[in-house]
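The values are calculated or read from the model by the stated rules, or taken from the named source; none is laboratory data. Note that this is a predicted model, so its numbers are computed, not measured. FYI the Cβ positions are ideal-geometry reconstructions off the backbone, even for glycines, and counts take in every protein chain you see. With ligands, DNA and RNA removed, areas are computed over all heavy atoms of the protein, side chains included. Shrake-Rupley method; radii C 1.70, N 1.55, O 1.52, S 1.80 Å.
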Amino acid sequence: MKPKHKIQVNHQQQPNSMKSTCYLTHLKTVLLIAPVSLYLTGATIAHAGDRSTLSLGFVSPRHLNNRAELPQGYLRVSSATEQFNDGGLSYYAHSSYAIRTIDGKLFKRVENHISPSDELPEIVSLPVGSYIVEARSEKNGYVRIPITIEEGQRTSLDLDLG
C-alpha cells in the first residue's frame, strides 16, 4: 500500500537573524530606559560654541583618587561618527574623546561606543566639577569645550548642533 501524502523535511540551515533580533532587543531596552533616566536625572544641554550655559569651577586633584566618595553627575557626548560596514550593513559609531581637568591633565579617555555597530554615545559617570572635553566634530574638526558636571544631572554635549 502506497501512502497518500509524502512529507518532506528540510534539513538546511535557515539564515541566522540573531543579529537583527539582538539589535532590536537592545534598541527597545534603550528606548525604554532613556526616557526614564532622563526624567529621573534631568539634563543640562550644551552646544558647541555656546558658553552661556557653562560655568567654570575646579576639580581638586586630591579628590581624583576618591571618585566613589564624590558626588557624581553624567556626561553624554555626541561626537563625530565613523562608518563601520558589517557585511552590507553600515553602522555609525561615535568617535572617542578625552576628558581633561581644567589645568589640562588627562582625566579619562572615553571610547564612546561599546562595539563598532553601537550607534549610541556612551554615558559616563564623573565627579562633580568642571572639565574640558576634547572631541571630533563633523563640522569643526577637533574641538575643546569646557563643561560643568552637576550632581545627579546629565550634561549632553552635541558637537554639531547650533
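Pop a pseudo-label 7 angstrom from the Cα along the beta-carbon direction at both residue 115 and residue 139 and give the gap in nm to one decimal.
For residue 115 paired with residue 139, the spin-label model returns 3.3 nm.
Would you pull out the residues with amide H under 5 Å of residue 73's amide H, same chain only if 5 or more places away, H placed 1.01 Å from N?
It is 126, 128, 152, by chain and number.
In nm, to one decimal, how far is the modelled label at residue 158 from the one at residue 123, with both set 7 Å along Cα→Cβ?
The two pseudo-label positions are separated by 1.6 nm.
Report the calculated FRET efficiency for residue 84 and residue 151 (r = Cβ-Cβ distance, R0 = 25 Å), to the nearest 0.05.
Details: r = 36 Å, r/R0 = 1.42.
Efficiency, from the Cβ-Cβ distance: 0.10.
If you count only protein heavy atoms with a 1.4 Å probe, what accessible area per residue comes out for the stretch 91-162, rounded to a whole Å²? Please list the in-between numbers first.
Numbers: 3360 Å² over 72 residues.
With all protein chains present, the stretch 91-162 gives 47 Å² per residue.
How do 99-111, 147-159, 81-93 rank on mean C-beta neighbours within 10 Å, highest first? If you can, show how the numbers build up before the last one.
Details: 99-111: 14.5, 147-159: 18.9, 81-93: 12.4.
Ranking, from highest mean packing down: 147-159, 99-111, 81-93.
Dipole size in debye (nearest 20) for the stretch 94-138 around its Cα centre, Lys and Arg Cβ +1, Asp and Glu Cβ -1?
On the way: 5 positive and 7 negative charges, 57 e Å.
Using Cβ point charges on Lys, Arg, Asp and Glu, the stretch 94-138 gives about 280 debye.
Short version: ³J(HN,Hα) in whole Hz for each residue of the stretch 135-144, in order, from phi by Karplus 6.51 cos²θ - 1.76 cosθ + 1.60 (θ = phi - 60°), x for Gly and Pro, what are they?
Per-residue couplings from phi come out as 8, 9, 9, 5, 7, 10, x, 6, 10, 10 Hz.
Taking the Cβ of residue 84 as the centre, find all other residues whose Cβ is under 11 Å away and add up their charges (Lys, Arg: +1; Asp, Glu: -1).
Working: positive: none; negative: 82, 86, 118, 119.
Around residue 84, the charge tally is -4.
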